[in-house]
Structures are given as C-alpha cells and as structure tokens.
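The values are calculated or read from the model by the stated rules, or taken from the named source; none is laboratory data. Keep in mind that what you see is a predicted model, and the values were worked out from it rather than measured. A quick note on method: Cβ atoms are made from the backbone with ideal geometry, for glycine too, and the neighbour counts reach across all protein chains shown.
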Amino acid sequence: MQLISCLLLLFAVCTPALAQVQVREPWVRASVPHQTASAAYMQLSSPRAVRLVEVRSPVAGVVEFHTMTMDQGVMRMRAMAGVELPAGRAVELKPGGNHVMLMGLKRQLKVGDSVPLTLVVEGADGKRETIEVKAAVRPLNTGEHGHQGH
C-alpha cells in the first residue's frame, strides 16, 4: 500500500497539470427571440503560457474567437485563430475587445440561464486540456457594445 502511495505521489509530481487555467466571471449576453448570435466574455489566467484554441457550446452551431477594433471611426470585427494566455497575466475577453462569438444559436438565451462552454487550451508542447465552464446569461445592455446585429 505504501509503495502505491509513493508511486501516485511521484506521478503527481512528475506530471504537472498542463495549464491550470483559471476562468473568472464567465458570462454570455442575453438574446431576443430569433436572434442568431451572441457573445461570451470572461477573464482567463494561467501560470504557464498557453493558447486558448477552441471553445464549444451546445447552444450554438458555430463558436469563434473575434476581435473588435476601431478603424477610421468604424468598428470592425474579425475572426481570430485563438487567444494567447501569457504566463501569470490575466487576459480579459470583454465587450468592445476580444470575445467569443456564439453563432447559429439553437435557442434564446434568457437572463438567469446558464450556458455550458468547453474551453480548449494548448501548451507549447501541443498537449491540450479542456475546461468546462458554466456562463451566466446577463442582460442585453451589459457591457460597452452590443452584438444584436450579428
């Protein structure tokens, strides 16, 4: 029994968790009937440099990372391949900046609902880890910019 305990401890010490990514305040913007898109926001941090490479959700047909910038007075949104999470630095996905787009919504997202999100992070070695998150649905007017037109 003692040998098994020692082996388990050795395995735990020699196999560090990929990222230990912390997710704080995940939320999704509420939608109106027949609206086809919304956005998810959160704060992410990791003790090791990793990349958020994918987000999945059963409430949407397509989930993408987007960045929003101002270009000569016009707000532009572009898809991104992923989101870098530098070691020890918090990264915020927020209205008016980088965020997760939920497109092809399968149902209306109502205030008080919870939206399941699966985050996939990848380390420099190519190893991936999934993180299950429940994001609270908040009112349409939460944040700086709306996504009602998507």
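Can you pull out the residues in the stretch 70-118 that are of a type in the set (S, T, N, Q), within 16 Å of Ser38 (Cβ to Cβ) and touching a Ser or Thr at 6+ places or on another chain (Cβ under 6 Å)? Let's see the steps before the verdict.
Going through the stretch 70-118, the residues of a type in the set (S, T, N, Q) turn out to be 72, 98, 108, 114, 118.
Applying the additional criterion that residues be within 16 Å of Ser38 (Cβ to Cβ) yields 98, 108, 114.
Scanning the stretch 70-118 gives Asn98, Gln108.
Can you tell me which residue is surrounded by the fewest Cβ atoms within 10 Å (Cβ to Cβ) among those in the stretch 56-83 that are within 19 Å of Met42 (Cα to Cα) and among the polar types (S, T, N, Q)?
Initially, the stretch 56-83 is screened for residues within 19 Å of Met42 (Cα to Cα), giving 56-60, 62-69, 77-83.
Within this subset, residues satisfying the condition of being among the polar types (S, T, N, Q) are 57, 67, 69.
On the way: Ser57: 20, Thr67: 14, Thr69: 12.
Result: Thr69.
Within the group Val55, Val83, which residue is within 24 Å of Asn141 (Cβ to Cβ) and touching a strand residue (DSSP E or B) at 6+ places or on another chain (Cβ under 8 Å)? Outline the logic, then answer.
Numbers: Val83 fails: within 24 Å of Asn141 (Cβ to Cβ).
On inspection, the qualifying residue turns out to be Val55.
Exactly one of these conditions fails for Ala40: (1) within 16 Å of the chain's Cα centre (by Cα); (2) more than 24 Å from Gly104 (Cα to Cα); (3) modelled with pLDDT of 95 or more. Give me its number.
(2)
Return the pairs, sorted by first residue and then second, in which the second residue is among the basic types (Lys, Arg) and not in a strand (DSSP E or B), the first residue lies in the stretch 92-121 and is under 18 Å from Arg24 (Cα atoms) and without any contact (Cβ under 8 Å) to a residue 40 or more places away in the chain, the beta carbons are less than 6 Å apart, and the residues are 6+ apart or on different chains.
Filtered contacts from the stretch 92-121: no entries.
When you scan the stretch 38-52, how many residues do you find that are over 14 Å from Pro139 (Cα atoms) and touching a Ser or Thr at 6+ places or on another chain (Cβ under 8 Å)? Please lay out each step first, then the result.
Of all residues in the stretch 38-52, those over 14 Å from Pro139 (Cα atoms) come to 42-52.
Keeping just the survivors that are touching a Ser or Thr at 6+ places or on another chain (Cβ under 8 Å) gives none.
The qualifying residues number 0.
Are any residues in the stretch 124-150 closer than 18 Å to Ser45 by Cα, at pLDDT 95 or above and not β-branched (Val, Ile, Thr), and if so, which ones? Show your work before the answer.
Looking only at the stretch 124-150, we keep the residues that are closer than 18 Å to Ser45 by Cα, and these are 124, 127-135.
Within this subset, residues satisfying the condition of being at pLDDT 95 or above are 127-135.
Across the stretch 124-150, the qualifying residues are Lys127, Arg128, Glu129, Glu132, Lys134, Ala135.
Does the stretch 1-13 contain any residue that is in a loop (DSSP other than H, G, I, E, B), out of contact with any His (no Cβ under 8 Å at 6 or more places or on another chain) and either modelled with pLDDT of 50 or more or buried (at least 17 other Cβ atoms within 10 Å of the Cβ) (or both)? If you could, list the steps in order and put the result at the bottom.
So in the stretch 1-13, the residues in a loop (DSSP other than H, G, I, E, B) come out as 1.
Next cut, out of contact with any His (no Cβ under 8 Å at 6 or more places or on another chain) only: 1.
Checking which are either modelled with pLDDT of 50 or more or buried (at least 17 other Cβ atoms within 10 Å of the Cβ) (or both) leaves us with 1.
The answer is yes; a qualifying residue exists.
Of all residues in the stretch 14-37 being hydroxyl-bearing (Ser, Thr, Tyr) and modelled with pLDDT of 95 or more, which is farthest from Gly104 (Cα to Cα)?
Taking the stretch 14-37 first, the residues hydroxyl-bearing (Ser, Thr, Tyr) are 15, 31, 36.
Next cut, modelled with pLDDT of 95 or more only: 31, 36.
Values: Ser31: 12, Thr36: 5 Å.
Ranking the candidates gives Ser31 first.
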